[in-house]
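The values are calculated or read from the model by the stated rules, or taken from the named source; none is laboratory data. Note that the coordinates shown come from a computational prediction; the quantities given were computed from them, not determined experimentally. Here the Cβ positions follow ideal geometry from the backbone for every residue, glycine too, while neighbour counts run over all protein chains shown.
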Number of protein chains: 2
Amino acid sequence: MFRRKPRLNKSTSLKSREAKISLDIAKEVTAYADVAKQIIDLAVYGDARNRSYRRLADFTDTIGNRVSGSKNLEMAINYMYKAMTVDGLDVHLEPVKVPHWVRGKESAEIVQPRSKNLAILGLGSSVGTPPEGIQADVLVVQSFDELKRRGSEAKGKIVVYNQPFVSYGETVAYRAFGASEAGKLGAVAALIRSVTPFSINSPHTGLQDYQDGVKKIPAACITIEDAELMWRMAKRGEKIVVKLTMGATTLPDADSFNTVAEIKGWQHPEQVVLLSGHLDSWDVGQGAMDDGGGAMISWEALSLIKDLGLRPRRTLRTVLWTGEEQGGVGSQQYFNLHKVNLSNFDLVMESDLGTFRPVGLQFTGSDAAQKVMAEVVKLLAPINTTRLEPHGEGTDIYPWMNAGIPGASLHVMDSRYFWFHHSEGDTMTVQDPHEMDLCSALWAVVAYVVADLEEMLPR
Amino acid sequence: MFRRKPRLNKSTSLKSREAKISLDIAKEVTAYADVAKQIIDLAVYGDARNRSYRRLADFTDTIGNRVSGSKNLEMAINYMYKAMTVDGLDVHLEPVKVPHWVRGKESAEIVQPRSKNLAILGLGSSVGTPPEGIQADVLVVQSFDELKRRGSEAKGKIVVYNQPFVSYGETVAYRAFGASEAGKLGAVAALIRSVTPFSINSPHTGLQDYQDGVKKIPAACITIEDAELMWRMAKRGEKIVVKLTMGATTLPDADSFNTVAEIKGWQHPEQVVLLSGHLDSWDVGQGAMDDGGGAMISWEALSLIKDLGLRPRRTLRTVLWTGEEQGGVGSQQYFNLHKVNLSNFDLVMESDLGTFRPVGLQFTGSDAAQKVMAEVVKLLAPINTTRLEPHGEGTDIYPWMNAGIPGASLHVMDSRYFWFHHSEGDTMTVQDPHEMDLCSALWAVVAYVVADLEEMLPR
Ligand SMILES: [Zn+2]
Ligand SMILES: [Zn+2]
């Protein structure tokens, strides 16, 4: 975190040396004000205006959603390989084996106390039911604690979780572990309230995680509305019976690729600033927000720099991950393969929380690196996106950050991200061309300037 | 509308007489402050706290949605007849013949340029397709004007309307008349963007209206997202082919009932203050918001007055309409049957825009009546719902207002009403117990005080 006050326990000479470095870096970065302005003008007001939105619309309208192992994901990777090549970038593919889970046909209904259809989405990696489905009494709980307290009631039942939404990070535990926690107690299936703060009877999918040694039972998300309905019924003492049918199955791992596009650095081509988003999505909605937008601005940033005839000292590398939704599979493999060059990775960047109105960056790095980045984001004043939050998130760049590489995530305004996330509502309708232009401009300025500084970011 | 300044063209004596009446009515109404407080305390803080919410939850959880002609609507009417009788009210049913439209199985998909499922809801009164469905090229338009300009392109096509949402009152014209406008030009079906400002890929149903002499073609609503998708595809010059299958059919009119509950007036039992909401709904969602909430507070208002041992001079009559969604069928018949007693109707009230946080009343009546109501709403100061908007809305009380009877609609805060309206999202989850208590209190105070004043409201 950037420290505004000098530390008392530092020697005066150290303090003055630090102050000198700060002054130097401020001067060096400030000199990029003009080029930053050029990038912003091109992205927001110039020929590239609306381009990342248009590219995203063409891409998602043509292909649709792109779950790991699907024909659509293969098409998507080919599409991007061609599009970025035509754009004049240096493109290659790096093979990755990805999980291949197939949803199949699925349905659920309340049979008792009255017949009611349930909108569901089976969860990634879930097993299916027998073809004739599972029909069982329901146990509704509001938390893992309640499930534990009422453990003796779970045997042979379908456990329905009606946990309140606290935050995605916290509440997603029910989606991830709900099946195994219920399975331990002898439950026959788990239906989990969708992990979202808002719903129009919208089920949300996502990955779930079986625990080793626990019987695998089918798991699906239901809507907030239906979870609350069954909870009210249970509170009234009504016996609830649900029938669940899921054709879900896991096939052998499939061939896929991380898609890599570069502008080679003129001075240190082996040193890399990495920009990224993921190309795969779930098999519902259009994957426009999660994470078509992140992928497109990571391409767009390179286009902007290329269009302006710029070439930084270090290599700019855009990586469009595969298999992110299956647990960051593509990015983990990329790390395993490239960590041998750890010392050449200058900055890793990820956009995977929406390309809504940007406010700045979430940045993870040493105090010294924070100081440099604090100067860099000042260049974004013309589009008012100068916020630098310490501590970034980012599934796909986590291995690098964990290994000490500075990491930056696009920071967008508090938004309706989780309203649409992993649901049929993830479409172009939630995207805005101007907001995407701002994201692209921010992304390009940060990547270009960091890649062109005399020194790599301090670790 | 209440005039704050005296009119110049009135004689001084008339002005002073009016001033005296105003003073008298203010005094008379102010005397109800204590009873208003009692009603509010009971509804919001006392034994009746959360009761209208609980009643609505029991009702909708037990029965579900209640479209005209359905077994569910029959069950709902029986349920309410019994519940209000057990509550000690004077209840009877008045027979009404209602339209009996049945949705049947329905589906739609884009066949070209790529296969994509479309979430649809067929529109009330629509004809179906042949069992094998209709497959045809698509013409996407953004307005009736554009359809007119491109009239020659419509023949043999499925017309897709991608009209922007302006307001419900204005934009609903596309749902109501879209099929006939397209049918006139030889189109084979109409798919209309759902009439809502917001969507999570949510289709919304509602009534549509065939024009006499125009070929009846199938009509359904699609989502905002899919309408925009097809519009973008069309703008790119892509040929779009859609397959639509609808099993919709209209059966002979069904038997139904308006459900009427009363507290008889002690002095003028023949004079009536009428409170109302509708019991029928569409056949999607749970009809909790539209209009279970309005029905429940109209019952609750009478319960509150009865529980306090109050009995006004005039009769309080709650009418739970049937067939509202089919074009106000139950309320129109009620008017036809009871208009012979027009002079005995003091005030007609309707709640059909949600029972969210109330702000006051929308009131339609003469200047003199506005003055009285302006005093009445002051009694609602303890719950801060004292707003009196001139000009009410209200499908079901319109015939009375049109005949000169004062009419009041519950006025709630700008809300997400149309996000959920006629969709699977109309469930108990959008309702709040405290907000419903406030609505019930407001409803009861207004109805009781108006029914107990010495004079009926001036016409
Ligand atoms: Zn993502
Ligand atoms: Zn209604």
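Out of (1) within 23 Å of residue B:430 (Cβ to Cβ); (2) touching a Lys or Arg at 6+ places or on another chain (Cβ under 8 Å); (3) buried (at least 24 other Cβ atoms within 10 Å of the Cβ), the odd one out for residue A:199 is which?
It fails just one condition, (2).
From the set of residues in region A:264-288 that are buried (at least 21 other Cβ atoms within 10 Å of the Cβ) and away from ligand 1 (no atom under 16 Å from the Cβ), which is farthest from the chain's Cα centre (by Cα)?
A:265
Filter region B:63-83 for residues that are small (Gly, Ala, Ser) and over 14 Å from residue B:299 (Cβ atoms); which is nearest to the other protein chains (Cβ to nearest Cβ)?
If we take residues in region B:63-83 being small (Gly, Ala, Ser) and over 14 Å from residue B:299 (Cβ atoms), then B:64 is nearest to the other protein chains (Cβ to nearest Cβ).
For every residue, the table says whether it meets (1) away from ligand 1 (no atom under 16 Å from the Cβ); (2) modelled with pLDDT under 95; (3) hydroxyl-bearing (Ser, Thr, Tyr); (4) outside the structural domain of residue A:124 (by TED's automatic domain parsing).
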site: A:301; (1), (2), (3), (4): yes, no, no, yes
site: A:312; (1), (2), (3), (4): yes, no, no, yes
site: A:323; (1), (2), (3), (4): no, no, no, yes
site: A:328; (1), (2), (3), (4): no, no, no, yes
site: A:333; (1), (2), (3), (4): yes, no, no, yes
site: A:359; (1), (2), (3), (4): yes, no, no, yes
site: A:395; (1), (2), (3), (4): no, yes, yes, yes
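I need a count of the residues in region B:237-259 that are in the same structural domain as residue B:112 (by TED's automatic domain parsing) and touching a helix residue (DSSP H, G or I) at 6+ places or on another chain (Cβ under 7 Å).
Total satisfying the criteria: 1.
Applying the selection to region B:109-137, what residues are closer than 20 Å to residue B:176 by Cα and away from chain A (no Cβ under 14 Å)?
Within region B:109-137, the first condition is being closer than 20 Å to residue B:176 by Cα, and the residues that meet it are B:119-129.
Result: B:122, B:123, B:124, B:125, B:126, B:127, B:128, B:129.
Among what's in region B:24-62 and is within 14 Å of chain A (Cβ to nearest Cβ) and surrounded by fewer than 20 Cβ atoms within 10 Å (Cβ to Cβ), pick the residue that is farthest from residue B:309 (Cα to Cα).
Selected residue: B:62.
Kindly check whether there is at least one residue in region B:167-184 that is of a type in the set (Lys, Arg), within 14 Å of another protein chain (Cβ to nearest Cβ) and either in contact with a strand residue (DSSP E or B) (Cβ under 7 Å, 6 or more places away or on another chain) or under 18 Å from residue B:119 (Cα atoms) (or both).
No: zero hits.
Does residue B:262 satisfy the condition of being acidic (Asp, Glu) and not assigned by TED's automatic domain parsing to the domain that holds residue B:410?
Criteria not met by residue B:262.
When you scan region B:191-200, do you find a residue that is more than 14 Å from every other protein chain (Cβ to nearest Cβ), over 19 Å from the mean Cα position of the chain (by Cα) and closer than 19 Å to residue B:125 by Cβ, even just one?
Among the residues of region B:191-200, at least one is more than 14 Å from every other protein chain (Cβ to nearest Cβ), over 19 Å from the mean Cα position of the chain (by Cα) and closer than 19 Å to residue B:125 by Cβ, which makes the answer yes.
Give region B:373-399 a look and list any residue that's over 11 Å from residue B:360 (Cα atoms) and of a type in the set (Val, Ile, Thr), or say none.
Scanning region B:373-399 gives B:395, B:397.
Looking at the structure I just gave you, is residue A:236 more than 16 Å from residue A:109 (Cα to Cα) and within 14 Å of chain B (Cβ to nearest Cβ)?
yes
Mind checking whether some residue in region B:91-99 is in a helix (DSSP H, G or I), surrounded by fewer than 16 Cβ atoms within 10 Å (Cβ to Cβ) and assigned by TED's automatic domain parsing to the domain that holds residue B:296?
no
Taking region A:165-218 as the region of interest, how many residues are in a strand (DSSP E or B) and not aliphatic (A, V, I, L, M)? Please lay out each step first, then the result.
Step one: filter region A:165-218 for residues in a strand (DSSP E or B), giving A:189-193, A:207.
Add one more test, that the residue is not aliphatic (A, V, I, L, M), and what stays is A:193.
Number of matching residues: 1.
For region A:119-160, which positions are more than 26 Å from residue A:199 (Cα to Cα), surrounded by fewer than 15 Cβ atoms within 10 Å (Cβ to Cβ) and polar (S, T, N, Q)?
A:152
Can you find a residue in region B:223-231 that is surrounded by fewer than 18 Cβ atoms within 10 Å (Cβ to Cβ) and part of a loop (DSSP other than H, G, I, E, B)?
So far as region B:223-231 goes, no, none of its residues is surrounded by fewer than 18 Cβ atoms within 10 Å (Cβ to Cβ) and part of a loop (DSSP other than H, G, I, E, B).
Evaluate region A:254-261: report whether one residue or more is touching a Ser or Thr at 6+ places or on another chain (Cβ under 6 Å), under 18 Å from residue A:87 (Cα atoms), surrounded by fewer than 18 Cβ atoms within 10 Å (Cβ to Cβ) and at pLDDT 95 or above.
No; the residues of region A:254-261 include none that is touching a Ser or Thr at 6+ places or on another chain (Cβ under 6 Å), under 18 Å from residue A:87 (Cα atoms), surrounded by fewer than 18 Cβ atoms within 10 Å (Cβ to Cβ) and at pLDDT 95 or above.
From the list A:127, A:140, A:111, pick out the single residue that is under 24 Å from residue A:281 (Cα atoms) and not in a helix (DSSP H, G or I).
Checking each option against the conditions leaves just A:127.
So residue B:414 clears everything in (1) more than 30 Å from residue B:311 (Cβ to Cβ); (2) within 14 Å of chain A (Cβ to nearest Cβ) except one condition, right? Which one?
(2)
Taking region A:416-452, which residues are buried (at least 21 other Cβ atoms within 10 Å of the Cβ), part of a loop (DSSP other than H, G, I, E, B) and either of a type outside the set (Val, Ile, Thr) or outside the structural domain of residue A:310 (by TED's automatic domain parsing) (or both)?
If the condition is that a residue be buried (at least 21 other Cβ atoms within 10 Å of the Cβ), part of a loop (DSSP other than H, G, I, E, B) and either of a type outside the set (Val, Ile, Thr) or outside the structural domain of residue A:310 (by TED's automatic domain parsing) (or both), then A:421, A:422, A:423, A:424, A:425, A:426, A:431 are the ones that fit.
I'd like to know if region B:387-405 contains one or more residues that are surrounded by 22 or more Cβ atoms within 10 Å (Cβ to Cβ), assigned to a loop (DSSP other than H, G, I, E, B) and out of contact with any strand residue (DSSP E or B) (no Cβ under 6 Å at 6 or more places or on another chain).
No: region B:387-405 contains no residue that is surrounded by 22 or more Cβ atoms within 10 Å (Cβ to Cβ), assigned to a loop (DSSP other than H, G, I, E, B) and out of contact with any strand residue (DSSP E or B) (no Cβ under 6 Å at 6 or more places or on another chain).
For every residue, the table says whether it meets (1) within 16 Å of ligand 2 (Cβ to nearest atom); (2) surrounded by fewer than 24 Cβ atoms within 10 Å (Cβ to Cβ); (3) not in a strand (DSSP E or B).
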{"site": "B:295", "(1), (2), (3)": "yes, no, yes"}
{"site": "B:316", "(1), (2), (3)": "no, no, no"}
{"site": "B:333", "(1), (2), (3)": "no, yes, yes"}
{"site": "B:382", "(1), (2), (3)": "no, yes, yes"}
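Which condition from (1) in contact with a helix residue (DSSP H, G or I) (Cβ under 7 Å, 6 or more places away or on another chain); (2) of a type outside the set (A, V, I, L, M); (3) within 14 Å of another protein chain (Cβ to nearest Cβ) is the one that residue A:454 breaks?
(3)
If residue B:351 passes every condition in (1) crowded, with 19+ Cβ neighbours inside 10 Å; (2) of a type outside the set (A, V, I, L, M, F, W, C); (3) more than 16 Å from ligand 2 (Cβ to nearest atom) but one, which one does it miss?
All conditions are met except number (3).
Go through B:220, B:189, B:176 for me and flag whichever is out of contact with any His (no Cβ under 7 Å at 6 or more places or on another chain), of a type in the set (Gly, Ala, Ser) and within 16 Å of ligand 2 (Cβ to nearest atom).
Residue meeting the stated conditions: B:176.
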